[in-house]
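Peer 1: Take this structure, written in structure tokens, and hold onto it; I'll ask about it next.
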Amino acid sequence: MNPLVITIDGPAAAGKSTTARAVAQYLGCLYLDSGAMYRAFGLKVDRLGGPSLLDDRARVAALARDTTIGFTGPRDHPALVLDGVPLGDEIRTPRVSDMASRVAAIPEVRARMVDLQRAIAAQESLVAEGRDMGTVLFPAAAVKVFLVASVEERARRRQKELAARGDTQPLAEVRAEIEARDRRDRERNIAPLVPAADATVVDTSGMTVDEQIQAVLEAVATRVRPG
Ligand code: CDP
């Protein structure tokens, strides 16, 4: 049987990770967090030179080619590994979010991430989460979901997540960060943030996490018919 591929794309803090991880666990599939890979590379560039290193495109492109990013551990809750070193919540800071969306607009970086993602996904059933999973990586996916939510709701969710890790940020700042990042993700020339033509758009504003998961599982049930 062909592997089942479910893609979950959408703007920042729309609930993709929580939903994708739960759906992967429920279906016993691999969970691919493509955003974590851009975050890992953003962190690497930040450590090596900070945002000004981005002006040296040739160096960033060479760094991308030399970078290995993968996952280890449980299929539905894998840990990120950058150049052989495990990473944790250090990729979840607002600074790294910003760096991630900057590196993600660079074609050579995307080319490297796409190669790594294709290698991870080879012949596996999976739930893949990101911005271009349904449009670029898995255009033939059986189920494509595009999660959206109001920016107010997304800012509140991200503020809560950051606070749970001890990072207290004013709501207005969190909102400005995700708005700036969404704009950059939507307006870039390569693999911009856009729903695939055949994606089911789910607005999670006002939904509980369980309701979000149910909505995706319903899309799976509708799209994947036995036989
Ligand atoms: O969790 P959140 O939605 O805030 O972000 P993420 O999914 O971890 O992605 C971080 C950044 O990586 C995004 O703002 C995008 O710029 C980039 N990204 C991308 O370009 N393509 C993907 N498939 C996944 C993430």
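Read-outs throughout are calculated quantities, based only on the coordinates presented, and are distinct from any laboratory measurement. In this text, all values refer to a predicted model and were calculated from it rather than measured experimentally. Methodologically, a virtual Cβ is constructed for each residue, glycine included, from the backbone with ideal geometry; neighbour enumeration extends over all protein chains shown.
Peer 1: Students often check this: by mean Cβ neighbours within 10 Å, which of 35-44, 124-133 ranks highest, and how do the rest follow?
Peer 2: 124-133, 35-44
Peer 1: So what is the 222 nm mean residue ellipticity for the chain from helices alone, if each DSSP H run of at least 4 adds -39500 (n - 2.57) and you divide by all residues, rounding to the nearest 500 deg cm²/dmol?
Peer 2: -15000 deg cm²/dmol
Peer 1: Which residue, chosen from 140, 31, 8, occupies the Cα position most advanced towards the positive end of the dipole of the chain, where the dipole is computed from +1 (Lys, Arg) and -1 (Asp, Glu) charges on Cβ about the Cα centre?
Peer 2: 140
Peer 1: May I ask you to evaluate 6.51 cos²θ - 1.76 cosθ + 1.60, the Karplus curve with θ = phi - 60°, for each residue of segment 216-222 and list the ³J(HN,Hα) values in order in whole Hz, giving x for glycine and proline?
Peer 2: 3J(HN,Hα) across segment 216-222, in whole Hz: 6, 5, 5, 4, 5, 4, 6.
Peer 1: A further question follows. What list of ³J(HN,Hα) couplings, whole Hz, do you get for segment 11-25 from phi and the Karplus terms 6.51, -1.76, 1.60, once you set θ to phi - 60° and write x for glycine and proline?
Peer 2: x, 4, 6, 7, x, 5, 4, 4, 5, 4, 5, 5, 5, 4, 5
Peer 1: About the Cα centre, and with charges only on the beta carbon of Lys, Arg (+1) and Asp, Glu (-1), how big is the dipole of the chain? Nearest 20 debye, please.
Peer 2: 260
Peer 1: Hey, rough spin-label estimate for residue 209 and residue 79, points 7 angstrom out along Cα→Cβ, what's it come to in nanometres?
Peer 2: With each label placed 7 Å out from Cα toward Cβ, I get 2.1 nm.
Peer 1: In whole percent, what relative contact order does the chain give with Cα contacts below 8 Å and a gap of six or more residues?
Peer 2: It comes to 33 percent, rounded to a whole number.
Peer 1: Sticking with this one: How would you classify segment 161-227 from its alpha-carbon gyration tensor, with a ≥ b ≥ c the square roots of the eigenvalues: rounded for a/c under 1.5, else prolate if a/b is greater than b/c, otherwise oblate?
Peer 2: oblate
Peer 1: If each of residue 160 and residue 187 carries a label point 7 Å out from its Cα toward its Cβ, how far apart are those two points in nm?
Peer 2: Here the modelled spin labels are 3.1 nm apart.
Peer 1: Please sort 152-159, 15-22 by packing, taking for each peptide the average over its residues of neighbouring beta carbons within 10 angstrom, highest first.
Peer 2: Result, highest mean Cβ count within 10 Å first: 15-22, 152-159.
Peer 1: While we're here: Answer rounded, prolate or oblate for segment 59-218, using the Cα gyration tensor with square roots of eigenvalues a ≥ b ≥ c: rounded when a/c is under 1.5, else prolate when a/b is larger than b/c, else oblate.
Peer 2: Verdict is rounded for segment 59-218.
Peer 1: Using amide H atoms built 1.01 Å from N in the peptide plane, name the residues 5+ places from residue 149, or on other chains, whose amide H lies under 5 Å from its own.
Peer 2: Amide H to amide H, under 5 Å and 5 or more residues apart or across chains, residue 149 pairs with 204.
Peer 1: Can you check what the net charge comes to around residue 192, using other residues whose Cβ is under 10 Å from the Cβ of residue 192 (Lys, Arg +1; Asp, Glu -1)?
Peer 2: Every neighbour counted, the sum reads +1.
Peer 1: Report the one residue of 41, 20, 174 whose Cα lies farthest in the direction of the positive end of the charge dipole of the chain (charges on C-beta: Lys and Arg +1, Asp and Glu -1; origin at the Cα centre).
Peer 2: 41
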